[in-house]
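First comes the structure, then the notes that go with it.
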Amino acid sequence: MNLIRFLVLIVMALSLTCCTSDFVDINKNPNAVQETQVYARYILTNAQVRLFAPGFNSYQEALLANADRYSGMFCYGASDCKWSDGFGYTFDVGYTNAVWDYFEGCTSTIDTYLKLTEAGGRRENPLAYATALVMKSLFYQRFTDTFGEIPYSEARNTQILYPKFDSQLDIYKGIINDLDTAMTLIGDTAVTGSGFEDLGSNDLFYGGDLRKWKKLANTLKLKVALRARGASGASFVDQAIKEALADPLLTSATDNVLLPKDNVISQWSSACYGDVWNNLGIGSGWAVSQSLIDLLQKNDDPRLSKYAQPAAGGDSLVIPHPESDDADMYQKRKDFILSVFDDVGITYTERINDKSETVISMDKNKYYIGQPVRFNGSMRDYARTEFFSTPSQYIIQAKNEGQPIAPEIVLTTAESYFMQAQAALDGYGSGDANTLYREGLKQALLLWNNGIGMNKDDYLAAVDDFMANSPMANLDGTNDMQKIAEQRWLANYTEGFEAWAVVRKLGYPVSLAQGVQDADIFSMGDLDGAYPQRMRYGSSPYSTNNDNLQKAIADQGPDVQATKLWWAK
């Protein structure tokens, strides 16, 4: 798949659009893409990449710096990282704008694909339009679950300069309707057409297989309905859940929606974690969280070595005594770090040097140790980078080194089964919750059977052992919903937006949902230690659409991170 060639075509074509499907005359440049050459297949590629694997700035500022960290999976704040882990919990206009602008930048791409393929569009194709509706639904579900009320029903109308902000209730109803329309349009059809009308390899999700797109649409419908369950006015939920459970969902490994990485594409067009890790200097070096490492390690989960690598460790690791900390504060902060070691049972030695500083020695590259989330800036001296696990090489792999790079997670078969198990616990359908849960767990484990780290045969043996012997492998009537929620969270490793939503809706892992309390150790931020419920709006709507924005704020609640979204109240 020569994806770079496709993206060049896309960028050249889209640079000539402005939220419409009209293209200016470019005949003066014989090498440019002509209007007659712009097919839906090229626009679909761009929509998929821009939403799930955007360029470097959006990848670092929107995904990693905010969503991935609110999800509680990655942490800043160790000694080799530029930022404290409190970054993002105190309002920063630049990084808030980065998130809003990331979504706003995707809006025109999604809209172009819709306008191109809809009735009367320049490449009218009801089947391609069905995939456009699914892309629209994926986009707006992520967008609204980040901010709450956003422009939706009027966003595509170029005659309306100041679109209203729709309630989440109306957005969710709109998503359900679009997904139903998409599934009806697809029917039993397998492809969108022949020749250039076939999405083919330009469809990075499914290679143009509409039968799988239909499953994706139905699984997303189940996700949206489950998330809306219990929210005020969500009368559509029961019917939507029942309908989704009655139709095909993602059921096999080949149904996983994963966006592959391309070694050729410039990081400025499409980035990966490795681009940020290897090219941001002191801004890289983030750690894997204590919540994630503990949940894996304490249950002997074989994904541990796939998700993370052991702490670097080393001899004579000095915890310096900052001049700003008196003896009692030094003791408290140092003891907190050591308590993290003790919690996972590692072996280390502690001594005091001639400066009255603690010096730690531990085995190199042996222990998995997660970093507690939301360390404040004063903890950087104590949180030595060598103390904590970092993401596995598969996650942070640089491009152009001939090594595999983890794909972007869009929606997985594992989560499909976990959601079916969740629905069963809530009284929907005839499926057995434990059977569904176990299949979800198996699919989640097998997703990481990639030969990275532990070889495939050994990993499969470890999976079999886990499924046979781990208390986490069965629902036993005790804390069943907690198990499902935690496994949904784990299955979304590296998909921070969705993992964050799982915590907000279901309340697990509790270690994240409960927030933090001790200001000597943690960053209280604007939330006074509470868990973030949404992102604040960016500057753009304040300056360009303030009247409608103020109506949204009056309806939804103050524009702060503590304001719960409609489905979380």
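The values are calculated or read from the model by the stated rules, or taken from the named source; none is laboratory data. Quick caveat: nothing in here was measured; it's all calculated off a predicted structure. Glycine also receives a Cβ, built like all others from the backbone with ideal geometry; neighbour counts cover every protein chain displayed. Areas reflect the complete protein model, heavy atoms only, side chains present, ligands, DNA and RNA absent. Shrake-Rupley method; radii C 1.70, N 1.55, O 1.52, S 1.80 Å.
What to note about this one:
- Rolling a 1.4 angstrom probe over the protein heavy atoms with all chains in place gives the range 209-282 an accessible area of 40 Å² per residue.
- Count, lysine Cα pairs under 24 Å in the range 135-274, 8 or more residues apart or across chains: 28
- With K and R counted +1 and D and E -1, the other residues having a Cβ less than 14 Å from that of G345 yield a net charge of -3.
- C-alpha center-to-center spacing [the range 53-97, the range 376-451] in angstrom: 19 Å
- When the alpha carbon gyration tensor of the range 59-169 is reduced to an equivalent ellipsoid, its three semi-axes come out at 34, 15, 12 angstrom, largest first.
- Euclidean distance between Cα centres, the range 197-246 to the range 523-569, Å: 28 Å
- Rounded tilt (10° steps) of 327-344 against the dominant C-alpha axis of the chain: 70 degrees
- In terms of its alpha-carbon gyration tensor, the range 465-508 comes out oblate; a/c meets the 1.5 threshold, while b/c is at least as large as a/b.
- A 1.4 Å probe over all protein chains sorts K221, K164, K364 by accessible area into K364, K164, K221, starting with the largest.
- ³J(HN,Hα) computed for each position of the range 73-78 - Karplus, 6.51 cos²θ - 1.76 cosθ + 1.60, integer Hz, glycine/proline x: 9, 10, 10, 8, x, 7
- Residues whose placed amide H lies under 5 Å from that of T90, excluding near-sequence neighbours: D526
- Under-5 Å amide H pairs with Q371, H placed in peptide plane, nonlocal only: V288, S289, Q290, S389
- Summarising the amide proton neighbourhood of S269: residues at separation of 5 or more, or on other chains, whose placed amide H is nearer than 5 Å comprise F56.
- Computed from phi, the 3J(HN,Hα) profile of the range 123-140 under the Karplus parametrisation 6.51, -1.76, 1.60 (θ = phi - 60°) reads 10, 3, 7, x, 6, 5, 4, 4, 5, 5, 5, 5, 4, 4, 5, 4, 5, 6 Hz, with x in place of Gly and Pro.
- Remark: the range 106-111, residue by residue, has Karplus-estimated 3J(HN,Hα) of 6, 4, 5, 5, 4, 5 Hz, where x stands for each Gly or Pro and the curve is 6.51 cos²θ - 1.76 cosθ + 1.60 at θ = phi - 60°.
- Measuring only protein heavy atoms, the 1.4 Å probe finds I405 accessible over about 20 Å².
- Accessible area per residue for the range 430-514, computed on protein heavy atoms with a 1.4 Å probe, is 39 Å².
- Annotation: average projected area of the range 132-201 is 6.2 square nanometres, based on the convex hull of Cα atoms across all directions.
- Farthest toward positive dipole pole in the range 292-341 [+1 Lys/Arg, -1 Asp/Glu at C-beta], among I293, G314, F341: I293
- When nucleic acids and ligands are ignored and a 1.4 Å probe is applied, R122 ends up with an accessible area of around 100 Å².
- Per residue, the convex hull spanned by the alpha carbons of the range 284-344 comes to 124 Å³.
- Its convex hull of Cα atoms gives the chain a direction-averaged projected area, equal to a quarter of the hull surface, of 26.8 nm².
- Charging the Cβ of each Asp and Glu at -1 and of each Lys and Arg at +1, and nothing else, the dipole of the chain about its Cα centre rounds to 960 debye.
- Across the range 480-569, counting alpha-carbon atoms alone, Rg and Dmax equal 15.4, 47 Å.
- Averaged per residue, the range 70-138 has 27 square angstrom of accessible surface, using a 1.4 angstrom probe with ligands and nucleic acids left out.
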